[in-house]
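The values are calculated or read from the model by the stated rules, or taken from the named source; none is laboratory data. For clarity, every value in this text was computed on a predicted model and none was experimentally measured. Glycine gets a Cβ as well: all are built from the backbone with ideal geometry, and neighbour counts include every protein chain shown. Accessible surface areas use protein heavy atoms only, side chains included; no ligands, DNA or RNA. Shrake-Rupley method; radii C 1.70, N 1.55, O 1.52, S 1.80 Å.
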Amino acid sequence: MELQDASHLIAEKAGDESCSHCGGAGFVRRARLLEDPLFGRAEPCVCVLDETREVRRSRLERVSNLGALTRFTFDAFEGEGAAVSQVRAYAGKPEGWLVLKGPSGSGKTHLAAAIANERIGRGEPALFMFTPDLLDGLRASYQPAEGEPGFDVLFEQVRNTPLLILDDIDAASSSDWAREKLFQLVNARYNAALPTVFTCYSLTEPFDERTSRRLASGAVLDLSGGVSLSGYRQIGGMTRERLGDFGFHNFHTRFPNYAAQENESLQTAWESAHRFADSPEGWMLILGESGCGKTHLAAAVVDGVMRNGGDAFFAVVPDLLDHLRASFAPGRGDPGYDELFNDIRNAGLLVLDDLGSHSSSSWAVEKLFQIANYRASSRLPTIITAALSLDELREAHPRVAVRALDPKLSQHVAILARPYNLPSRTASGSRRR
C-alpha cells in the first residue's frame, strides 16, 4: 500500500456529503447522559441508517480497507477448534479486546479479516489496518498532500472508529516514534473501551511495558497450536492465504506476441509442475528470468500438495538466510537456529524460491548446501527457483547445482519466456487444471 493510500482509505467519506448532521462523515456524537453506555461514542448518522442493505454493505466494504481480504471469511477458513469458535463469537458481538497471537501461517490475518467481513455482512462498520501501513500513513499526514487529511484528523478517525483491527501490530515497533504512537492509539481505545482486534507474534518484545500491559488486558488467543493451516509454514511472504492466488488454472501458457519457443516452454513448465503436484517426488529446478512465472508455478504446486493433505515450507531464499542468521540470537519467542534449521530440512515439501538473489557469502553458500545435501540424501521433495542460467548456478552454488541437475534425483525446467508482467504481454489463453 502506498503511503498516501493509507490515509486516504481511512479518511474516505462514509455517508451523504450533503447531510447537515454529519457532513458526510457517516457518524455523529449525540448528547447523552454521562452514565449512558453510548456517552462519547460515535454513532451512525440518520443518513447512514436510511441506506438500503446493499448500499450500506458496499460503502462499509469501501471504507473498511479490506481490499482483497474480503475473501477471508469464516467459511473459507480451513482450521477449526475452540479458538475459531471464540473468534466467531467475538465477530457476532464484539466487546472488549481480542488478541490473536501466533506464528506466520497460523491464520491470524485470515481470522481477523473474517471478523471484519462478518461485521460488514451485518451492516456494521469495521476498519482493517496493516500496522506498518497505518504508521506510514500517520507519518505522511504531518505534511499531507492537497486534499488529504492532516495528522490530527487522521489519528482521531482511527482512534474512534467503532471497530478497529490492527494486523501485525508487532511488525512496526522498531522506532521510538512508532512505539509512542502505537501506545497513544492503544491507550486511547483502552480508555474509551472500544472494541479492538490485534494480531501479533508475541505480547512481549518489541513492545514497551505499557503497550504490553494494555494488550494483555484483553482476551488473548494463542494460535500456535491446533489452528495451524494444514502444516504450512513460510518465510518471505507467501502466506497460506496467498497461495490461492497462484494456481494452475490462472497460469497463462500462450501469448500472441511470443515466439513459439517461449509459449512451448511455458506449456512444458505448466505440465511438469502439474505432474509434480500430483505426485511430489524428487526435485524440480525451475530456471528463467525474473517475472516469467517460476514463483507462480512453485506456489501452485504447494497449493495442490496442501489441498491433498500434505505439508510444505515455502522459503524465499534471501529472507530464509536472514531468519537463519537471526535465529542464532532469537527473540520474541522465535525458534532457535537448531529448531528452525531442522524444520526446513525435514519439511514434507520445501520450496527454495529465488536462489541467487542474495549475496553469496561463504556462510550463505554453506547453509544452503547443508539444506540441499540433507534433502537430496533423504530424497525429500524440493523445488528450487532461480533467475540464473545453468552456468551462473554452477558458479554461484556448485555443490547445490550438482544435486539439482542430477537426472536421477531432479528434473530441470527452463522457462524461456519473457517476464510475465511486461506491459506488452497479453494473454490469449491459459490452461486450467
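Heavy-atom surface analysis with a 1.4 Å probe gives the range 232-344 a carbon and sulfur content of 47 percent of its accessible area. In terms of Cα to Cα distance under 27 Å, which lysines are near enough to LYS408, apart from those fewer than 8 places away along the same chain? Partners found: LYS294, LYS367. The label point for ALA76 and the one for ARG254, both projected 7 Å from the Cα toward the Cβ, are 3.0 nm apart. Short-range pairs are left out: with C-alpha atoms under 8 Å and at least six residues apart, the relative contact order of the range 156-196 is 56 percent. Pairs of Cα atoms nearer than 8 Å and 6+ residues apart set the relative contact order; for the range 165-286 it is 18 percent.
With N as its number of residues, the range 247-330 has a Cα radius of gyration that, divided by 2.2 N^0.38 Å, comes to 1.30. With the simple spin-label model, which puts each label point 7 Å out from Cα in the Cβ direction, the ARG242 to ALA414 separation comes to 2.9 nm.
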